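In what follows, a single structure is set out as structure tokens and then discussed.
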Protein chains: 4
Amino acid sequence: MKRELEHLANFLQAAVNHKKKIGFNGTLLIEPKPQEPTKHQYDWDVATTFSFLQKFGLTGEFKINVECNHATLSGHSCHHELETARINDILGNIDANTGDPQVGWDTDEFLTDISEATLIMSSVVKNVDGLAPGGFNFDAKLRRESTDVEDLFIAHISGMDTMARGLRNVAKLIEDGSLDELVRKRYQSFDTEIGAMIEAGKGDFETLEKKVLEWGEPTVPSGKQELAEMLFQSAL
Amino acid sequence: MKRELEHLANFLQAAVNHKKKIGFNGTLLIEPKPQEPTKHQYDWDVATTFSFLQKFGLTGEFKINVECNHATLSGHSCHHELETARINDILGNIDANTGDPQVGWDTDEFLTDISEATLIMSSVVKNVDGLAPGGFNFDAKLRRESTDVEDLFIAHISGMDTMARGLRNVAKLIEDGSLDELVRKRYQSFDTEIGAMIEAGKGDFETLEKKVLEWGEPTVPSGKQELAEMLFQSAL
Amino acid sequence: MKRELEHLANFLQAAVNHKKKIGFNGTLLIEPKPQEPTKHQYDWDVATTFSFLQKFGLTGEFKINVECNHATLSGHSCHHELETARINDILGNIDANTGDPQVGWDTDEFLTDISEATLIMSSVVKNVDGLAPGGFNFDAKLRRESTDVEDLFIAHISGMDTMARGLRNVAKLIEDGSLDELVRKRYQSFDTEIGAMIEAGKGDFETLEKKVLEWGEPTVPSGKQELAEMLFQSAL
Amino acid sequence: MKRELEHLANFLQAAVNHKKKIGFNGTLLIEPKPQEPTKHQYDWDVATTFSFLQKFGLTGEFKINVECNHATLSGHSCHHELETARINDILGNIDANTGDPQVGWDTDEFLTDISEATLIMSSVVKNVDGLAPGGFNFDAKLRRESTDVEDLFIAHISGMDTMARGLRNVAKLIEDGSLDELVRKRYQSFDTEIGAMIEAGKGDFETLEKKVLEWGEPTVPSGKQELAEMLFQSAL
């Protein structure tokens, strides 16, 4: 496994070198997939792929193409994978398909779930400079019993409309502001005395211990998960 | 396992006898749960429980309480479990909670997914005579980090609103009629010559073979899965 | 779903009628499979299939072909499926392949796990009159990277040897007797006063209540799960 | 999520600083766990944790405690997690418990599976300098129905014996050498002309293209998966 990964890294480095040599300006993308056809594939999920890129000095040369159905197969939600890519500055493109939570293989269905589409779009909107030059692929296929020509049109229209509804929902959520405000409040202690000290990398254990003894048992504010879910669903 | 099941059946029969003796008119309910705390529990899902009831002559004495989160744990959707109970005339009550498709234990969350709520309500509306004397329990608890008193209100309001939106969506779908019409068309061959013969239990292999040879390769109409999903999502 | 199941039952009844008409003496088998290619297939697992057979009066006409890999996909172990079939007198044949517990589709691998093979063989040995006229299929295929002709021989030899080791382990377990004795002790209360009364279907709630009040809190004997596992593994 | 991870990294850095300040020589360990009690925990698996350590410059300061049951919950096998830690020089300790492949929560059972124990021991034996100063914890508890005092002894003896059998099996596999030879042969092309060039990071696309055109379609040697499984199982 060690040798295979080193081999793969050298091969990808050769691809980077070749890209530079021929003056190609496109983005190189890796698409994580946990398994199928083999088991324990090396690019299991975004975090595993980012770990690989860091180890072999390839960060900066590759971005990630997140496929939503692959997220399901790796035990994550698509939103989790998108956020993992986004906060590490490696979100490059999205295959906006969907699978089935009770099915363990890649079904590549057209996305029609508005809740999922809203979460996907919220990652895109938050991504610095959006997705360009990347974008969305459907990477979806008709169910095998859908045999009419018009089914192809229906599926694509339905998929596009779902993404559009997702984008409009995100706009609504941003304009309303309640959900962002909830998150801001949840993390406001990060901006106070001790929080800010830790943020700045200056929180040593002696100081933390002194403060903890001085302040006693903290009041734990509510996480307000149900309120967050209600605010989110109300926008759909 | 055989002996334990027989023992259990005898115990449940004693419960039925006792109910009759004391003149209790309530419905006896069994709530399927695949596992937790043990593995391979005997009431894995609705079909398994119905199999048990049939084997021991208890059909008619027990109805099912479907818990949506247990459906997830047994590898089914809640809608699948509700429909399995409904078509076998044993749907008695619903625990309208929800779990997480990526989590393998019972989280008993409040339901906020409108799509799920719409599917649940469609089973209730189709159930002969509705659910009475049964109904809905939330059977949900706050996330452990939700520590404010108001969180209890928020969660219940959010859960009720979700069910209400589900019911309104079902009404919209019924009034519109397109989805029902799609299903009707999909099964219309069941009403024609051969279909009707099979429906009536009169389709023998000789006749079927003769017809197949006479008619040649059939034209397979499209299943129109994507159209069905689009019609469903458009109502949400 | 109701109509499709009725249709299917009528079709299977026609198969039974045809079998009798032409004087065919073989066993008709149904092989449960939870999903793939579709989702929520009607013969999800043994219990679901037995439920279907009972509802439509087909018990006695069909036996089950348990495929081990399908057991995994339905969230069960192969042993659980075999036992469910055995105690309902419908175990007819076994596809002794295996899948991967971390993989969600049918991989149809050759069985090489001795522990699994021992459990499978213990169900066969306990089955009244064994499996005849049924038996074992491998229903397994080589991994796609196994391209030598000799791989076919290796896989089949390995599969057969594994089943043989399983059978020898079961013989060892039976001769030793410790595991059977553990199970006997675990259920010996079923043979005593109250246990026997429930076994005979004569345990009414008044008597049970009286006895419970009379006897007080029972001493719960240990389930001895770890001892059972140690005895089992020691035989391998 | 970004801010929380940065916060966590700063906190762990403070722990490292404190360790150095007080002259503590022990190894700092992180134990990956995918979920439970929350979802999407930040230390999902070994690869995710290694990605985090690399990003925040903490590699070298932390090693990993791999818990086998957590491996199952993250969709991996324990062996995969151990190997991922080993090849990245971060394997520090092992919680040698086990879970159930069909159960989605942490059951912390004593390990009795010899095949699993053999795979675990093979990672330990291959780990440079073994595991010291780390080692094995059972991190297992009795099933809740195991209520005898002797059950505690039985479980620990059974767990230790299983690990010992695993170690003896690994010794047998190494002495026999067939499995290692199979792996060596599988990768021997990595030592030849082109393979060695890629290994050395000197394989550029022009050279690779030239060689591919010169040599034509390669003969693909068999992966011999079934032979590998047979050799492995024969040692148990």
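Our summary gives segment B:139-236 a relative contact order of 33 percent, counting only alpha carbon pairs under 8 angstrom and 6 or more residues apart. Each of A:Thr147, A:Thr112, A:Leu167 was placed along the dipole of segment A:2-176 (beta-carbon charges, centred on the mean Cα), and the one lying farthest toward the positive end is A:Leu167.
Nearest beta carbon of chain C to the C-to-D rotation axis, with distance in whole angstrom: C:Pro101, 2. Cα-Cα pairs above 17 Å in segment D:96-236: how many percent? Everything past 17 Å amounts to 72 percent.
Given axes a ≥ b ≥ c from the Cα gyration tensor, I'd like to know whether the protein assembly as shown is rounded (a/c under 1.5), prolate (a/b larger than b/c) or oblate. Verdict is rounded for the protein assembly as shown. The fraction of all Cα pairs in segment D:1-55 landing in successive 10 Å bins from 0 to the largest distance is 21, 48, 26, 4, given as whole percents. Ordered by solvent-accessible area of protein heavy atoms (1.4 Å probe), largest first, the residues D:Ile87, D:Ile157 come out as D:Ile157, D:Ile87.
Once backbone amide H atoms are built at 1.01 Å from N, D:Glu67 has D:Asp95 as its partners under 5 Å, excluding neighbours fewer than 5 places away on the same chain. Taking max minus min of the alpha-carbon positions on each principal axis, segment B:2-176 gives extents of 45, 40, 32 Å, largest first. Chain D and chain A together bury an accessible surface of about 4000 square angstrom, both sides counted, with a 1.4 Å probe and no ligands or nucleic acids included. Applying a DSSP loop filter and a limit of 11 other Cβ atoms within 10 Å to the trypsin sites (Lys or Arg not before Pro) in segment A:82-169 leaves A:Arg144. Taking the label point 7 Å along Cα→Cβ, D:Val16 and its counterparts in the other copies are spaced 2.3, 6.8, 7.1 nm apart, in ascending order.
Protein-only accessible surface at a 1.4 angstrom probe places the residues B:Leu111, D:Leu236, C:Leu152 in the order C:Leu152, D:Leu236, B:Leu111, largest first. Accessible area per residue (1.4 Å probe, heavy atoms of protein chains only) ranks D:Met197, D:Met121 as D:Met197, D:Met121, with the largest value leading.
Averaging Cα coordinates gives a centre for segment B:56-132 and one for segment A:20-63; these two points are 42 Å apart. When peptides B:71-80, C:219-228, C:130-139 are sorted by average Cβ neighbour count within 10 Å, with the highest value leading, the order is B:71-80, C:219-228, C:130-139. Whole-Hz Karplus values for segment B:215-226 come out as 8, x, 4, x, 7, 8, x, 5, x, 6, 4, 5 Hz, taken residue by residue from phi with 6.51 cos²θ - 1.76 cosθ + 1.60 and θ = phi - 60°; glycine and proline positions read x.
In this assembly of identical copies, the label point of B:Leu5 (Cα plus 7 Å along Cα-to-Cβ) is separated from its counterparts by 1.7, 4.7, 4.9 nm, sorted shortest first.
Across the identical copies, the 7 Å label point of C:Val125, projected outward along Cα→Cβ, sits 3.0, 5.7, 6.5 nm from its counterparts, in ascending order. Could you work out what % of the accessible surface of segment B:177-236 is carbon and sulfur, using a 1.4 angstrom probe and leaving DNA, RNA and ligands out of the count? Summing carbon and sulfur atoms, their accessible area is 58 percent of the total for segment B:177-236.
For segment C:128-150, a decrease in accessible area of 40 Å² or greater in the assembled protein chains relative to the isolated chain, with a 1.4 Å probe, applies to C:Glu145. Bridge orientation summary for chain A: considering DSSP beta bridges with both residues in this region, about 15 percent are antiparallel.
Taken about its Cα centre, the protein assembly as shown carries a charge dipole of about 0 debye when Lys and Arg each add +1 at the Cβ and Asp and Glu each add -1 at the Cβ. Bridge orientation summary for segment A:1-133: considering DSSP beta bridges with both residues in this region, about 20 percent are antiparallel.
Mind running the shape call on segment C:42-88? Use the C-alpha gyration tensor, a ≥ b ≥ c as the square roots of the eigenvalues: rounded below 1.5 for a/c, prolate if a/b tops b/c, oblate otherwise. Note, shape of segment C:42-88 comes out prolate. Here the accessible area of segment D:2-176 is 56 percent carbon and sulfur, with a 1.4 angstrom probe and all protein chains present. Residues in segment B:2-176 average 43 Å² of solvent-accessible surface per residue, probe 1.4 Å, ligands and nucleic acids excluded.
3J(HN,Hα) couplings calculated from phi for segment D:144-158 with the Karplus curve 6.51 cos²θ - 1.76 cosθ + 1.60 (θ = phi - 60°) are, in sequence order, 5, 8, 8, 10, 7, 4, 5, 4, 4, 5, 3, 5, 5, 4, 4 Hz; Gly and Pro show x. Suppose we keep just the DSSP beta bridges with both residues in the protein assembly as shown; what percent of those would be antiparallel, to 5? Taking every DSSP beta bridge with both residues in the protein assembly as shown, the antiparallel ones total about 20 percent. Using a cutoff of 8 angstrom between alpha carbon atoms and counting only pairs six or more residues apart, the relative contact order for chain D works out to 14 percent.
Over 31 Å apart at the Cα level, from the set C:Lys55/C:Lys211; B:Lys172/C:Lys55; C:Lys21/C:Lys63, are C:Lys55/C:Lys211; B:Lys172/C:Lys55. Only one residue of D:Gln41, D:Asn69, D:Gly26 has its Cα farthest out toward the positive end of the dipole of segment D:1-107, where Lys and Arg carry +1 and Asp and Glu -1 on Cβ, and that residue is D:Gly26.
Helices in chain D, meaning DSSP H runs of at least 4 residues, each add -39500 (n - 2.57). Divided by all residues, the mean residue ellipticity at 222 nm is -16500 deg cm²/dmol. What the Cα convex hull of segment C:177-236 gives, in volume per residue, is 92 Å³. Cβ-Cβ distance of C:Ile22 and B:Ile174, R₀ of 51 Å, FRET efficiency by 1/(1 + (r/R0)^6): the value works out to about 0.60.
Averaged per residue, segment C:177-236 has 65 square angstrom of accessible surface, using a 1.4 angstrom probe with ligands and nucleic acids left out. For segment A:124-236, the residue among A:Leu213, A:Leu131, A:Met197 whose Cα projects farthest onto the positive side of the dipole built from Cβ charges is A:Leu131. For segment D:7-16, backbone phi angles converted through the Karplus equation (6.51, -1.76, 1.60; θ = phi - 60°) give residue-by-residue couplings of 4, 4, 4, 5, 5, 5, 4, 5, 5, 4 Hz, Gly and Pro being listed as x.
The values are calculated or read from the model by the stated rules, or taken from the named source; none is laboratory data. Remember, predicted model here, so these are calculated numbers, not experimental data. Heads up, the Cβs are rebuilt from the backbone with ideal geometry, glycines too, and the neighbour counts pull from every protein chain shown. Ligands, DNA and RNA are excluded from the accessible area calculation, which covers all protein heavy atoms including side chains. Shrake-Rupley method; radii C 1.70, N 1.55, O 1.52, S 1.80 Å.
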